[in-house]
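Input: a single structure, listed below in structure tokens.
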Amino acid sequence: MPRPAAPFARVATWCFVLAGIFALLGAAAVAAPWVAATVIAVFCGITLLAAGISQLAMAAGTYSWRGFWVMLLCGGLSTLAGAGMLALPKAGVEALVIFLGLLLTFEAAAKLAAAFTIRDGFPWGWLLFDGVVTGVLGGILLTSSPASAGVLLGIFVGINLLSSGFTFLAVGLHLRRAGQLA
């Protein structure tokens with residue numbers, strides 16, 4: 001029969017692993033921001049292209065289905081967006097900056113809400129810090145110039161990963177202490 005502390009130890013270990021992975025990825029993105037931004041744009045382009053081709057294949061195989069035209073339209077748009085991001089990675093990076101700015105702003109709101117909701121027995125200060133950092137990054141991205149978009153995207157993704165890595169580290173340490181008390 002497992003000890004009551006075993007689940008805490010397992011989750012804490014995974015938090016430490018994630019903290020290390022996030023820290024390494026964050027440091028790499030900060031060290032080479034344009035490379036990180038380009039990798040992100042190319043990955044998104046490949047993903048959109050694959051999704052679009054898959055939707056087009058589904059549409060071709062289900063032409064008698066009621067949703068055929070919607071699937072065909074969505075597949076075509078995804079294919080065009082993916083091909084466009086691969087053909088024009090700089091424009092893709094600029095589009096991603098706007099998207100990421102919005103995403104980080106919503107992520108910040110969720111983290112801040114969670115920080116004020118789960119204060120008892122949780123390292124909520126780190127979650128609050130992570131939410132504030134994420135919100136500031138999102139705001140800067142949304143107000144940045146297109147010329148600085150690529151560098152900002154790489155640096156801010158790196159900072160966000162580092163901030164999340166520190167939060168996972170704090171949660172892991174908290175869980176390890178909680179497991180020792182159990």
request  = Within segment 79-97, identify whether any single residue is without any contact (Cβ under 8 Å) to a residue 40 or more places away in the chain, buried (at least 17 other Cβ atoms within 10 Å of the Cβ) and not small (Gly, Ala, Ser), and answer yes or no.
outcome  = yes
By residue number, the members of segment 113-137 that are at pLDDT 90 or above and either loosely packed, with under 14 Cβ neighbours inside 10 Å or in contact with an Asp or Glu (Cβ under 9 Å, 6 or more places away or on another chain) (or both) are Ala113, Gly131, Gly135
Subset of segment 1-17, residues outside any loop (DSSP other than H, G, I, E, B), at pLDDT below 95 and of a type in the set (A, V, I, L, M), comes to Ala6, Ala9, Val11, Ala12
Exception for Pro146 within (1) under 16 Å from the mean Cα position of the chain (by Cα); (2) surrounded by fewer than 16 Cβ atoms within 10 Å (Cβ to Cβ); (3) farther than 27 Å from Ala9 by Cα falls at (1)
The correct count of residues that are farther than 27 Å from Leu96 by Cβ and of a type in the set (Ser, Thr, Tyr) in segment 47-82 is 3
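Taking the conditions exactly as written (among the polar types (S, T, N, Q), assigned to a helix (DSSP H, G or I) and surrounded by fewer than 15 Cβ atoms within 10 Å (Cβ to Cβ)), does Ser54 satisfy them or not? Before you say what the answer is, go through the steps one by one.
Numbers: among the polar types (S, T, N, Q): yes; assigned to a helix (DSSP H, G or I): yes; surrounded by fewer than 15 Cβ atoms within 10 Å (Cβ to Cβ): yes.
So Ser54 passes the test.
Every residue, every condition in (1) modelled with pLDDT of 90 or more; (2) within 21 Å of Phe22 (Cα to Cα), yes or no:
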position: Leu49; (1), (2): yes, no
position: Thr62; (1), (2): no, no
position: Gly76; (1), (2): yes, no
position: Leu141; (1), (2): no, yes
Expected single match for closer than 17 Å to Ile155 by Cα and among the aromatic types (Phe, Trp, Tyr) among Phe122, Phe22 is Phe22
With criteria (1) touching a Ser or Thr at 6+ places or on another chain (Cβ under 7 Å); (2) within 14 Å of Val17 (Cβ to Cβ), Leu152 comes up short on (2)
Going through segment 41-61 in order, the residues found to be under 16 Å from Ala87 (Cβ atoms) and small (Gly, Ala, Ser) are Ala41, Gly45, Ala50, Gly52
In segment 158-176, anything closer than 22 Å to Val35 by Cβ and in contact with a Leu (Cβ under 7 Å, 6 or more places away or on another chain) is listed as Ile159, Asn160, Leu161
Residue hits (segment 72-131; acidic (Asp, Glu) and assigned to a helix (DSSP H, G or I)) are Glu94, Glu107, Asp130
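The values are calculated or read from the model by the stated rules, or taken from the named source; none is laboratory data. Predicted model, so just to flag it, every value in this text is computed and none were measured. We place every Cβ from the backbone using ideal geometry, glycine too, and count neighbours over all the protein chains shown.
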